[in-house]
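**Q** Dropping a structure here in structure tokens format, bear with me for questions.
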Amino acid sequence: MTLFSASTVRRLLANNTSSSSNLLHYARRHLSSTTPVSNFDKLGCIGLGLMGHGIAQTAAMAAAKDNIHSSIIAFESDQKFLDSGRDRIQKSVDKLVSKEKLTSSQADALMGKITFTTDRDALNDTDLIVEAIIENMDLKKQLYSDLGQQCKPETVFASNTSSLSITQMAEASGRPDKFVGIHFFNPVQIMKLVEVIKTEYTDQTVFDNTVKWVDQIGKVAVKCGDTPGFIVNRLLVPNLIQAMLMLERGDATTHDIDISMQLGAGNPMGPLHLADYVGLDTCLFIMQGWVNDFPEERAFVVPEMLKDKVAKGELGRKSGKGFYEWNGDRRGDPVE
């Protein structure tokens, strides 16, 4: 069982923030006072947007097939978003039935595993909660502070963030030994990889159980510490940024940069094409956050070109124009 070190407790005593106060109170109660559950029977999913609905569906699929969950609580605070998330899952499941990848009875069993609710108290007795709300640290910290007080002591919290600090959220939760990162990739139903992130506080049994759960739902888990961007984005986003800097300096054209990485490095699409596909606003959000949080890291830099494009509303695929012209999901010619 992970315990607080003396140096950690001294740091918390010196820090007057509310999250540190919550964390110190938790430390004084002794982290070993509750034993981690051996399996995650009852799952909670917070947020049913692009990522969250896919996480809920994937878990429900495994639950219906292998009975790894007795139930899945899918929570949204707003009924409109709850209905939208339920519709997305239902349409995805109906598509699998139409392609004969699921039978009607299997589809019914899958949907029957999920309880859709706007009542957050329904999460109180869950064993694992996976959060997939908007990428806003203040909102996430407040959510975890509230959950830490309302959920049973054994509940493990997991954030699906792609770039924010797991440690900061863990501290805000008041139960940092039972906090991990679980980063899925879009679309969740198809992409196999899941990054499982451990902080200095995470209990080893909790971490091992989380990795086991990822395997149980049919994904491939990779383990990582709480480094900015974890594994994939820490390697990928600076690569996209370097391509933009090359273009900004006039070293090469958009076409030549992208075709070089396709034919020379075997990438399925070039970095500027991928940046457009991801969204230039998303690229800016991630990198600007890293620049702010880690000003001495030389690999973290924001190209002026990226700032200008986002300011003009040229966000890539989603806006119809970025480094390329776009017609829906169809990429056109490079923007000159």
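The values are calculated or read from the model by the stated rules, or taken from the named source; none is laboratory data. Predicted, not measured: the structure shown is a model, and the values here were computed from it. As a convention, Cβ positions derive from the backbone with ideal geometry for all residues, glycine included, and neighbour counts pool all protein chains shown. The accessibility values were calculated without ligands, DNA or RNA, using every heavy atom of the protein model including side chains. Shrake-Rupley method; radii C 1.70, N 1.55, O 1.52, S 1.80 Å.
**Q** Give the number of residues within the range 189-231 that are closer than 25 Å to Trp290 by Cα and either open to solvent by 20 Å² or more (accessible area, probe 1.4 Å) or within 14 Å of the chain's Cα centre (by Cα) (or both).
**A** 18
**Q** Output the qualifying pairs, or none if there are none: Cβ atoms under 7 angstrom, residues six or more apart or on different chains, first residue in the range 64-91 and more than 21 Å from Trp213 (Cβ to Cβ) and open to solvent by 80 Å² or more (accessible area, probe 1.4 Å), second residue among the hydroxyl-bearing types (Ser, Thr, Tyr) and modelled with pLDDT of 95 or more.
**A** From residues that are more than 21 Å from Trp213 (Cβ to Cβ) and open to solvent by 80 Å² or more (accessible area, probe 1.4 Å), the pairs are Ser77/Thr118; Gln79/Thr118.
**Q** Something else: Does the range 294-336 hold any residues that are of a type in the set (Gly, Ala, Ser), under 21 Å from Thr253 (Cβ atoms) and in contact with a helix residue (DSSP H, G or I) (Cβ under 7 Å, 6 or more places away or on another chain), and which are they?
**A** Gly316, Gly322
**Q** Could you tell me which numbered condition Lys101 fails, if it satisfies all but one of (1) open to solvent by less than 70 Å² (accessible area, probe 1.4 Å); (2) in a loop (DSSP other than H, G, I, E, B)?
**A** (1)
**Q** While we're on this one: Any idea which residue in the range 104-128 is most open to solvent (accessible area, probe 1.4 Å), counting only those that are out of contact with any Leu (no Cβ under 6 Å at 6 or more places or on another chain) and part of a strand (DSSP E or B)?
**A** Selected residue: Thr115.
**Q** Here's another thing I want to ask about it. Just give me the residues in the range 246-293 being in contact (Cβ under 8 Å) with a residue 24 or more places away in the chain, hydroxyl-bearing (Ser, Thr, Tyr) and either out of contact with any helix residue (DSSP H, G or I) (no Cβ under 9 Å at 6 or more places or on another chain) or assigned to a helix (DSSP H, G or I) (or both), in sequence order.
**A** Thr254, Tyr277, listed by residue number.
Residues are listed down the side, and each one gets a yes or a no for (1) open to solvent by 10 Å² or more (accessible area, probe 1.4 Å); (2) at pLDDT 95 or above; (3) not aliphatic (A, V, I, L, M); (4) not in a loop (DSSP other than H, G, I, E, B):
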position: Glu135; (1), (2), (3), (4): yes, no, yes, no
position: Gln142; (1), (2), (3), (4): yes, yes, yes, yes
position: Leu147; (1), (2), (3), (4): no, yes, no, yes
position: Pro153; (1), (2), (3), (4): yes, yes, yes, no
position: Ala158; (1), (2), (3), (4): no, yes, no, yes
position: Ser162; (1), (2), (3), (4): yes, no, yes, no
position: Gln168; (1), (2), (3), (4): yes, yes, yes, yes
position: Ala172; (1), (2), (3), (4): no, yes, no, yes
position: Gly181; (1), (2), (3), (4): no, yes, yes, yes
